[in-house]
Amino acid sequence: MGLFDFASDIGKKVFGIGDADAAEKIKQDIETNNPGIENLEVIIHDETVCQLKGTCKTAEAKEKAILMAGNMKGISGVLAGRLHVEGDPLLTSSESASGTMEQSVEAEQQQDAAFEASTGTQYYTIESGDTLWGIAAKFLGNGSKYPEIFEANREVIEDPDKIFVGQKIRIPSAS
């Protein structure tokens, strides 16, 4: 699944294992911290957000919603092919597919891959020993640009001094 794979044993904890309200809690967290999404629906099966559906005002709002859902403790993957960006002419083929669940998942994975390729956004998974300063030096050419990375990921990084191994973040384009 590429971008939408996550480490389930790390991340923000908003629900407990087996929590029947986990999908609702993820939905509330996204709606509270990521304005720009309407009619959001979240469905979880096992450790996967098997449906993240709604309409986003921008591609950035979609990227942030995916990262917010995936960076939750207990979530190992996110299918977001039904999370559309306003004005995007591409419709998810899985919405109209009348095939099996497996075919629907495959269609949604293809949609997710197409979205990832179309945005050109770069992502990074935090490794042991990383700091935002070091990540900024590596990707933006100057460690003092770490606030740009923090601002691009404010929804998933609550404190620039507290990042964790396995957390997936967006890298803003170098300015």
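Note that segment 53-58 has calculated 3J(HN,Hα) couplings of 10, x, 10, 9, 6, 9 Hz, one per residue in order, obtained from phi through the Karplus relation 6.51 cos²θ - 1.76 cosθ + 1.60 (θ = phi - 60°); glycine and proline are x. Remark: for residue pairs 13/62; 53/138; 53/145; 13/64, the C-alpha separation exceeds 28 Å in 53/138; 53/145.
A Förster distance of 30 Å, applied to the separation of the beta-carbon atoms of residue 123 and residue 20, puts the FRET efficiency at 0.45.
Close amide H contacts of residue 82 (hydrogens built in the peptide plane, cut-off under 5 Å, sequence separation of 5 or more or a different chain): 52. Residues 6, 15, 115, arranged from fewest to most other Cβ atoms within 10 angstrom of their Cβ, appear as 15, 115, 6. Phi angles across segment 32-42 convert, under the Karplus curve 6.51 cos²θ - 1.76 cosθ + 1.60 with θ = phi - 60°, into 3J(HN,Hα) values of 6, 9, 9, x, x, 10, 10, 6, 5, 10, 10 Hz, Gly and Pro given as x. Once both labels are positioned 7 Å from their Cα atoms along Cα-to-Cβ, the gap between residue 86 and residue 58 label points is 1.2 nm.
Placing +1 on each Lys and Arg Cβ and -1 on each Asp and Glu Cβ, with no other charges, gives segment 122-171 a dipole about its Cα centre of roughly 180 debye. What distance in nm lies between label points placed 7 Å from Cα along the C-beta direction at residue 32 and residue 144? Simple spin-label model gives 3.7 nm for this pair. Exposure proxy shown here: for 128, 76, the number of other Cβ atoms within 10 Å sets the order, fewest to most, as 128, 76.
Computed from the coordinates by the stated procedures, all read-outs in this text should not be read as laboratory data. Keep in mind that what you see is a predicted model, and the values were worked out from it rather than measured. So basically every Cβ, Gly included, is an ideal-geometry build from the backbone, and we count neighbours across all protein chains shown.
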